[in-house]
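Notes follow the structure.
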């Protein structure tokens, strides 16, 4: 591996900032190599997005499953710097990890970086980023279904004729897949009129989107539906809708869920009507399990899909759901996913 001066410089920075978690060993009884010797396996999580409750919950799931397996987990966070994320893959290679989870990112910046890891003999899985590599399993939330469930609820609530605002940023794999469903719905329902498309991933995302949404609402006062298929987008739209005093006139439909999202959806008169979501902690666990299967010489499949659940404002109110723990308890389909679970795999501790 040839490192550039820039790469080596960022390696030093990344090693300082990386989170090194030497996990408590799991029982090695019945565990295949290399997991039969707890503590010998090193894996890295290389992140592009980390802002917001979804990504904190995802990280908690990665950490919990890594701990159950007794592996040494390193977390490298590029904070939406595409070039740095690619360099962090090289950092992980230099650290001597056996496996890498690439979490989000841009295809153009991650494709070659992922290939470098594969060429180095490292097993790689990718969550919500298309690295265009048949040797790398793709972990997905079934993004098309996430969008479909939310949009079907929008049709049930509002009929087939309405003016919409749409929050979208191209080039992010899950948002691109959700966009495909939005495009299909507009073809299927000719009465859906997209009045405005906007969106940004500038931090803080919710506040940045709120700034855009204010202008959109002012310019299009007859918008009835906001489709914001990422919860940070939905938070931003809700800020703008609330400030404009239009909470009873506009309904928001989103993807993803968190405790703070639940509180926002349950506010009196909230415009946030429904979301479709997987449990981000479960998705994190599945990401580690799929990588562990590769390390053990097993195949999790080219596409590892975690099925989503529709969660409406009515569901939350009727069941008095106030947080993620209660959501998992009262909507069991949200609590777990029987995906990438070989018989030898130890479950995370409760």
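Using a Gaussian network model of the chain whose springs link C-alpha atoms within less than 10 Å, name the residue from 77, 249, 145 with the highest mean-square fluctuation. Of 77, 249, 145, the Gaussian network model singles out 249 as fluctuating most. Computed on the chain, with alpha-carbon pairs under 8 angstrom and 6+ residues apart, the relative contact order is 18 percent. Normalised by residue number, the volume inside the convex hull of the Cα atoms of the chain is 128 Å³ per residue. Among 52, 297, 165, the residue with the largest mean-square fluctuation in a Gaussian network model of the chain, with springs joining Cα atoms closer than 10 Å, is 297. With both labels modelled 7 Å from their Cα along Cα-to-Cβ, the residue 36 to residue 242 distance reads 5.6 nm. With R₀ set to 22 Å, the beta-carbon distance separating residue 330 from residue 60 gives a calculated FRET efficiency near 0.60. With the simple model of a label 7 Å out from the Cα in the direction of the Cβ, residue 298 to residue 338 spans 1.5 nm.
Counting only alpha carbon atoms, the long axis of helix 205-219 and the longest principal axis of the chain meet at about 20°. Rounded to the nearest 10 degrees, the angle from helix 173-188 to the longest Cα principal axis of the chain is 30 degrees. Between the Cα long axis of helix 107-119 and the first principal axis of the chain there is an angle of about 20°, rounded to the nearest 10. Which FRET efficiency value, to the nearest 0.05, do you get for residue 187 and residue 211 by plugging their Cβ-Cβ distance into 1/(1 + (r/R0)^6) with R0 = 35 Å? Efficiency, from the Cβ-Cβ distance: 0.70.
Label-to-label distance, residue 180 versus residue 111, with points set 7 angstrom from Cα along the beta-carbon direction: 1.7 nm.
Across region 273-350, Cα-Cα distances exceeding 16 Å account for 54% of all pairs. Backbone N atoms of region 75-92 closer than 13 Å to the 7 Å Cα→Cβ label point of residue 119 belong to residues 90.
Each reported figure results from applying straightforward, stated rules to the coordinates on display, with no laboratory input. Treat the numbers as computed from the prediction; the structure is a model and nothing was measured. So basically every Cβ, Gly included, is an ideal-geometry build from the backbone, and we count neighbours across all protein chains shown.
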